[in-house]
Every structure is written in structure tokens, then in C-alpha cells.
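The values are calculated or read from the model by the stated rules, or taken from the named source; none is laboratory data. A quick note: this is a predicted structure, and the numbers were derived from the prediction, not measured. Backbone-built Cβ (ideal geometry, glycine too); neighbour counts: all protein chains shown. Heads up: the accessible areas ignore ligands, DNA and RNA and are worked out on the full protein's heavy atoms, side chains in. Shrake-Rupley method; radii C 1.70, N 1.55, O 1.52, S 1.80 Å.
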Amino acid sequence: MGWFVWAPMIVGLIVFVWGLWRMIADGRRILYGVALIGGFGLALFCGLVVAAEHGHLIPLGAFLVLCALVPLFSYPVLTVFLLANGVTMLRKERLSLGNALSLLAGLGMVGLVAMIFVNWPESWGATTRTVVTSLTFLVLTLAGYVATCFAAFWATSLLSGRLTALRRPDAIIVLGAGLLDGDRVPPLLAGRLAKAREVQQRFAPPPVLIPSGGQGADESIPEGVAMGRFLVAAGTPSDLVLPETASRTTRENLQLSRHLLPSPDAPVIVVTSNYHALRAGMLTRSLGLNARVVGAPTAGYYYPSALIREFVAVMVEHRRWHLAVTGVVVVGYVLLLALALTLA
């Protein structure tokens with residue numbers, strides 16, 4: 001096949017190297033993760049095709065079989081997992097839309113399968129059946145688009161947490177997450193603070209910690225104060241703790257903490273929960289912060305719904321792009337449906 005294989009393989013390698021470089025240097029854009037994985041996949045496939053041309057057919061065959069079997073078997077496994085996790089989430093956490101997201105995702109996956117195998121009534125005319133079938137494929141196409149976006153978001157989130165290089169910062173900002181009983185640090189926030197202490201101890205001299213969070217309506221003290229007390233009680237010297245106590249949102253966490261830095265462009269490390277790390281990184285990038293983001297471990301049962309919630313938030317933040325893609329898909333299906341009805 002000559003250049004029909006070598007050209008895309010070279011392109012794939014270039015895209016992979018660029019994506020890997022950007023993930024290590026920055027890691028705050030989903031595009032970098034897509035480039036890394038997509039470039040690697042393209043280069044690998046072309047390499048296997050070249051090997052097949054030289055008589056080594058088994059690797060290419062195994063790759064194609066794997067590409068077919070993984071989605072086939074992972075779909076039911078993921079569906080059952082999301083349903084079970086959703087039930088666990090609602091048992092252990094308060095009832096809310098955010099906490100029910102994994103359950104809703106599992107039910108949605110069941111609904112997609114039901115749409116494929118449903119038998120439409122024979123009494124429906126040909127036109128009605130064509131319209132309903134077209135709508136089914138439209139829903140499946142849009143669901144596939146959302147699933148692809150989620151896979152890119154999740155993969156980039158995992159990669160950024162493992163590949164992003166950390167250099168010594170001037171400060172480590174810890175994002176707040178609410179208090180228990182008005183003044184106690186909950187387990188989720190304690191995990192962030194423990195991770196911040198762990199990161200701080202990697203550097204000499206240790207950078208200052210900025211626990212960031214204002215006082216909510218149901219809190220007796222600002223989150224930053226409670227977090228600062230927790231850090232000092234855990235052994236962090238008080239002169240290395242500089243609380244920020246006025247912020248109410250993640251954006252304000254970062255903006256107001258920036259005012260405590262030696263300069264607006266000072267390098268910082270932002271510590272949050274692992275499910276929130278990528279979106280926090282995207283926010284630091286939009287604010288122009290010279291930042292790297294580190295994610296603290298989260299309880300296993302809590303992670304799926306929290307990750308889906310973050311994904312939904314990212315989709316909403318970039319809604320113009322996603323609405324444009326959805327519009328193109330819908331218009332395309334409407335035109336195809338009109339053509340099918342005209343030829344029928």
C-alpha cells in the first residue's frame with residue numbers, strides 16, 4: 001500500500017508525540033488526550049497493516065477482533081456496574097440529581113438497547129415506521145457522540161493525573177468542598193488536604209499551602225479557616241499555611257487565592273479531588289494561571305457519579321460547540337429521512 005499506509009502512520013506518530021508533549025507540559029485540555037490516544041491508535045493500526053503486508057497477519061487480526069469484542073462485552077458490564085453503583089450511591093449519600101447520575105446513565109443504556117430490539121406494531125404504516133426507525137437511529141447517533149465525548153474526557157482526566165510534570169510551585173492551593181456541622185472537615189476535603197501535604201513535602205524548601213474557601217450559610221467559620229486548622233493539627237507549620245476565606249465558587253477559589261501569591265504569574269499547584277481535576281485545570285487555563293492540578297483519591301463508590309457530574313458541567317460550558325454538532329446531525333438525519341420518504 002506504500003504511502004497510503006506510511007503517510008497516516010507518520011501523521012499518527014507526530015500527533016501522538018505532540019499530544020504526549022502537551023500532556024506532560026500542560027495537561028489541561030481534552031484535545032491533548034485525544035491527540036495522544038488517537039495518534040497512538042492510528043500509528044498502531046497502520047503499523048499492524050504494514051506487518052500484515054509482510055505476512056504477519058495475526059497481530060492485525062487480533063487487534064480488529066479486540067476492537068469488536070471490547071465494546072460488545074463492555075456495554076453490558078458497564079450497564080450493570082452503573083446501575084449497581086447508582087443504588088449504592090443513593091444508599092450512602094443524600095438523594096439528589098447529582099448523586100443519581102450513575103443510576104440514570106445505567107437506565108439510559110438499558111433504554112438504548114430496548115430501542116434497538118423493540119418491535120413496532122404491524123398496524124403502523126410504512127411512513128410511520130420509517131420515521132420512527134429514523135428517530136431511533138438519530139437517538140443512537142447522538143448517544144454515541146455523547147459516549148465518545150465522555151470517553152475522551154475520562155481518558156484525558158486519567159492521563160493528566162499521571163503525565164503532568166510537577167515543578168516546584170510558589171504555593172499549593174487547596175480547593176474547598178464544604179464543612180460538616182458548620183466547622184468540621186469532611187472526608188472528601190480531608191483527602192484533598194492530605195494530598196496537599198504529600199505534594200508539599202516533595203519540595204525543599206516546602207511551598208506555602210493556601211486552603212481556599214469562604215463561609216457558607218450553614219457554616220460557623222470559613223472553610224479556609226477550618227482547613228488551615230486541620231493542616232496545622234496534622235503537622236504543617238503554621239507559617240506555611242495562608243488561608244483564603246472569602247471565595248464561594250471554584251473560580252473565586254482560584255481568583256482570590258491568586259491575590260495571595262508573590263505575583264499573578266507565580267507557579268502554583270492546585271489540589272482538588274481526582275474527579276474534579278481536569279475541569280479545575282481547564283478553569284485555571286482560562287484564568288491564565290501558571291498552574292498544574294493534582295487530584296486526591298475519592299471513595300470508589302462516589303467517583304462514577306461525581307465524574308459524570310463533572311462531564312455534564314464541561315458539556316454545558318462548551319454547549320455552543322456541542323449544540324452545533326447536534327444541529328448538524330439532526331439536519332443530516334432530517335434530509336436523509338426526507339430523501340427516504342421521497343423514494344418510498
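Return the residues of region 218-230 that are surrounded by fewer than 24 Cβ atoms within 10 Å (Cβ to Cβ) and touching a residue at least 24 places away in the same chain (Cβ under 8 Å); say none if nothing qualifies. Residues satisfying the conditions are Asp218, Glu219, Ser220, Ile221, Pro222, Phe230.
The residues in region 106-120 that are of a type outside the set (A, V, I, L, M) and part of a helix (DSSP H, G or I) can be counted, and the count is 4. Taking region 118-134 as the range and being in contact (Cβ under 8 Å) with a residue 40 or more places away in the chain, of a type outside the set (Ser, Thr, Tyr) and surrounded by 13 or more Cβ atoms within 10 Å (Cβ to Cβ) as the test, only Val131 passes. Here is the figure for region 47-89: residues that are assigned to a helix (DSSP H, G or I) and farther than 21 Å from Thr298 by Cβ total 30. Figure legend. Inter-residue proximity from region 201-217: first residues within 11 Å of Pro169 (Cα to Cα), second residues among the charged types (D, E, K, R), beta-carbon distance below 7 Å, spacing 6+ or different chains. Indicated pairs: Phe203/Arg168; Pro207/Arg168; Pro207/Asp170.
Residue by residue through region 175-220, note down the ones that are at pLDDT 95 or above, aliphatic (A, V, I, L, M) and in a helix (DSSP H, G or I). Within region 175-220, Leu189, Ala190, Leu193, Ala194, Ala196, Val199 qualify.
In region 241-273, the residue that is most open to solvent (accessible area, probe 1.4 Å) out of those that are modelled with pLDDT of 95 or more and among the acidic types (Asp, Glu) is Glu252.
To keep it simple, each residue is scored yes or no on (1) surrounded by fewer than 12 Cβ atoms within 10 Å (Cβ to Cβ); (2) over 30 Å from Val293 (Cβ atoms); (3) modelled with pLDDT under 95; (4) not charged (D, E, K, R).
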position: Met23; (1), (2), (3), (4): no, no, yes, yes
position: Gly27; (1), (2), (3), (4): no, no, yes, yes
position: Leu36; (1), (2), (3), (4): no, no, no, yes
position: Gly39; (1), (2), (3), (4): no, no, no, yes
position: Pro59; (1), (2), (3), (4): no, yes, yes, yes
position: Leu78; (1), (2), (3), (4): no, no, yes, yes
position: Gly98; (1), (2), (3), (4): no, no, yes, yes
position: Ile116; (1), (2), (3), (4): yes, yes, yes, yes
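Of the candidates Ala152, Ala143, Ala196, Ala177, the single residue that is within 30 Å of Ala114 (Cβ to Cβ), small (Gly, Ala, Ser) and surrounded by 16 or more Cβ atoms within 10 Å (Cβ to Cβ) is Ala152. Residue count for region 136-153, restricted to those that are within 12 Å of Tyr333 (Cα to Cα) and touching a residue at least 60 places away in the same chain (Cβ under 8 Å): 4. The helices (runs of 4 or more DSSP H) found wholly in region 274-344 and carrying at least 3 residues that are without any contact (Cβ under 8 Å) to a residue 24 or more places away in the chain, open to solvent by less than 70 Å² (accessible area, probe 1.4 Å) and of a type outside the set (Lys, Arg) occupy 319-343. Residues in region 155-174 that are modelled with pLDDT of 95 or more and open to solvent by 50 Å² or more (accessible area, probe 1.4 Å): Asp170 only.
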